[in-house]
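The values are calculated or read from the model by the stated rules, or taken from the named source; none is laboratory data. Computed from a predicted model, the values in this text were never measured in an experiment. A quick note on method: Cβ atoms are made from the backbone with ideal geometry, for glycine too, and the neighbour counts reach across all protein chains shown.
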Amino acid sequence: MKKTLTSLFQYKTLSREEAKNILLQIAGGQFSEHEVSAFITVFLMRSITIEELLGFREALLQLCIRPELGDVETLDIVGTGGDGKNTFNISTLACFIAAGAGQKVAKHGNYGATSVSGASNVMEQLGYRFSNDSEKLKKELEQANICFLHAPLFHPALKAVAPIRKNLGIRTFFNMLGPVANPSGPKWQLVGVYNQEMARIYTYLFQHLEKPFTIIHTLDGYDEISLTAEAKVITQTGERVYSPEALGKRMVLSSDLNAGTTPEEAASLFLKILKGEGTWAQNAVVIANAAMGLFCTGKYANYEEAYHAALTSLESGSALRCFEQLIQLQ
């Protein structure tokens with residue numbers, strides 16, 4: 001590690017193979033906590049390269065436990081996190097709305113490293129039992145239209161660095177890896193990023209992977225469609241900027257999106273919104289993200305059609321029923 005750190009501190013970058021090997025070694029516990037912290041710090045001081053990100057991703061996927069979910073075509077809606085906005089669990093709620101609209105969802109998530117409540121925090125609070133058992137996950141997909149993949153159970157490398165990430169309490173390159181390392185390999189992904197530089201990096205990454213993709217970034221710094229400002233949407237066919245009105249019928253305030261101060265508060269708010277008891281602004285944001293997720297599957301003629309499907313899912317209670325069925329299976 002000392003040789004690698006010396007090279008990085010001299011402003012050199014890692015090749016794809018070097019990045020892969022170093023992460024394999026980190027996962028294998030070959031370095032001290034101080035060495036790993038120093039390594040992570042390098043990427044807080046400069047942007048990660050495409051080759052480095054590809055190498056880190058390859059290491060994660062080489063080591064990961066891959067669930068066998070059958071031939072079902074799934075969707076994942078996920079953000080990088082690390083935007084510092086302390087929003088409620090918008091992406092996870094959007095996944096349940098998509099499931100309620102009939103789309104199979106394999107949601108990949110983790111505990112919050114930089115927020116009050118990550119996807120795993122809220123799911124655990126609400127009674128979901130994490131597992132990497134393929135039969136359990138497959139049954140959940142069949143009966144509830146959704147399963148949850150708690151990242152540390154599938155990625156030994158993420159488990160190895162979890163305490164370090166938590167102690168640092170700021171976004172690291174591991175935030176960037178989560179959305180591109182879903183072990184189930186979903187057919188469609190809606191990925192939210194926290195700045196335009198990260199949007200550029202993800203665009204190049206997905207182009208390397210030759211997979212369909214949809215990347216979203218709200219221009220005032222959110223890693224999701226927040227409806228607080230215009231949002232950039234990037235796909236393999238190009239990019240477009242949408243107004244809050246176009247995506248969610250109106251603009252909302254940042255204060256409308258707060259998650260609270262504890263995981264318990266975040267879980268309570270999550271359930272309130274899923275029951276259809278959220279504010280107009282809260283509902284609008286989760287519906288917009290679910291709609292974009294549904295739209296990126298190509299199953300809807302236009303965004304408005306996908307929006308109507310998401311709205312119906314929430315208002316009819318279909319999204320809530322998917323959640324209740326999922327929890328009953330635990």
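Here are a few things to note about the model shown:
- Restricting attention to region 269-298, the residues that are part of a helix (DSSP H, G or I), more than 21 Å from the chain's Cα centre (by Cα) and of a type outside the set (Lys, Arg) add up to 2.
- Checked against the criterion of being within 14 Å of ASN175 (Cβ to Cβ) and either without any contact (Cβ under 8 Å) to a residue 40 or more places away in the chain or surrounded by fewer than 20 Cβ atoms within 10 Å (Cβ to Cβ) (or both), the candidates TYR194, TYR202 yield just one match: TYR202.
- Qualifying residue in region 79-90 (condition: in contact with a Leu (Cβ under 8 Å, 6 or more places away or on another chain), within 17 Å of CYS296 (Cβ to Cβ) and either among the charged types (D, E, K, R) or surrounded by 24 or more Cβ atoms within 10 Å (Cβ to Cβ) (or both)): yes
- Residue match in region 3-16 (condition: surrounded by 15 or more Cβ atoms within 10 Å (Cβ to Cβ) and either within 21 Å of the chain's Cα centre (by Cα) or under 30 Å from GLY278 (Cβ atoms) (or both)): no
- Subset of region 254-265 [in a helix (DSSP H, G or I) and either touching a Leu at 6+ places or on another chain (Cβ under 8 Å) or in contact (Cβ under 8 Å) with a residue 60 or more places away in the chain (or both)]: SER254, LEU257, PRO263, GLU264, GLU265
- Any hit, region 311-320, residues being free of Cβ contacts under 8 Å to residues at least 12 places away in the same chain and not small (Gly, Ala, Ser): no
- Matching residues in region 257-280 - criterion: being closer than 12 Å to LEU227 by Cβ and surrounded by 19 or more Cβ atoms within 10 Å (Cβ to Cβ): LEU257
Let's see how each residue does on (1) in the same structural domain as VAL116 (by TED's automatic domain parsing); (2) within 13 Å of ILE90 (Cα to Cα); (3) outside any loop (DSSP other than H, G, I, E, B):
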position: ASP220; (1), (2), (3): yes, no, no
position: SER226; (1), (2), (3): yes, yes, no
position: ILE234; (1), (2), (3): yes, no, yes
position: VAL241; (1), (2), (3): yes, no, yes
position: LEU247; (1), (2), (3): yes, no, yes
position: VAL252; (1), (2), (3): yes, no, no
position: ALA267; (1), (2), (3): yes, yes, yes
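- Residue in region 129-144 that is nearest to VAL105 (Cα to Cα), counting only those that are touching a strand residue (DSSP E or B) at 6+ places or on another chain (Cβ under 6 Å) and touching a residue at least 60 places away in the same chain (Cβ under 8 Å): LEU141
- Residues of region 214-241 that turn out to be free of Cβ contacts under 8 Å to residues at least 24 places away in the same chain and crowded, with 19+ Cβ neighbours inside 10 Å, as a count: 2
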